[in-house]
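What follows draws every value from the coordinates through simple rules; no lab data is involved. Bear in mind that the values here come from a model prediction, so they are computed numbers and not experimental data. No Cβ is skipped: glycine too gets one built from the backbone with ideal geometry, and neighbour counts run over all protein chains shown.
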Amino acid sequence: MSEVQFKLATKEDLPFIVSVYNQTIASHIVTASLQPVTVEQRLPWFKAHKPDAHPIWVAWLDDKRAGWVSLSPYHPRAAYHITSEISIYIDRQFQHLGLGTKMVQYAEQKAPSLEIKNIVW
């Protein structure tokens, strides 16, 4: 596998993020959503993710978007501010290449600079 590049997600990445998310709905394994979502529906979620606290990164492989990983607040109680929930979604054409492992490793590497000590699934 080529080297994976990670870039902070921008609003221009949101259609890709939604598309990959929607790919997983039919399996009922990865997400609890039962119906595909729209870019408009995911915009508030996207805006709630801040690069300096709870970022979304797009993984690039061979100059193509391959998936995305996000760190989200785990619980609103103050004591959980050091805990984040990780979400990983990989485009079908890039699955089974070890990309998920690299995405987790990247999030774990970045967590201390975000003052995150715990990552949960």
| request: For GLU40 and GLN95, calculate 0.36 nm times their separation in residues minus their Cα-Cα distance, and state this gained length in nm to one decimal. | output: 17.2 nm
| said: Between ARG77 and GLU3, what's the calculated FRET efficiency when r is the beta-carbon distance and R0 is 30 Å? Round to 0.05. | reply: 0.20
| request: Rank-order 90-98, 15-23 by packing density, defined as the average count of other C-beta atoms within 10 Å over each peptide's residues, highest first. | output: 15-23, 90-98
| remark: Rounded to one decimal in nm, the spacing of the 7 Å Cα→Cβ label points at LYS64 and LYS117 is 4.2 nm
| So what is the 222 nm mean residue ellipticity for the chain from helices alone, if each DSSP H run of at least 4 adds -39500 (n - 2.57) and you divide by all residues, rounding to the nearest 500 deg cm²/dmol? | -8000 deg cm²/dmol
| Restricting to the chain, what percent of DSSP beta bridges are antiparallel, rounded to 5? | 85 percent
| Ranked by how many other beta carbons lie within 10 Å on average, peptides 99-107, 48-56 from highest | 99-107, 48-56
| request: Could you sort 76-85, 61-70 so that the peptide with the highest average Cβ count within 10 Å comes first and the rest follow in order? | output: 61-70, 76-85
| said: Please compute the contact order of the chain in relative form: average sequence separation of alpha-carbon pairs under 8 Å and at least six residues apart, divided by the residue count, as a percent. | reply: 25 percent
| note | A correct Karplus calculation of ³J(HN,Hα) over segment 75-82, with 6.51 cos²θ - 1.76 cosθ + 1.60, θ = phi - 60°, whole Hz and x for Gly and Pro, returns 7, x, 5, 4, 5, 8, 4, 8
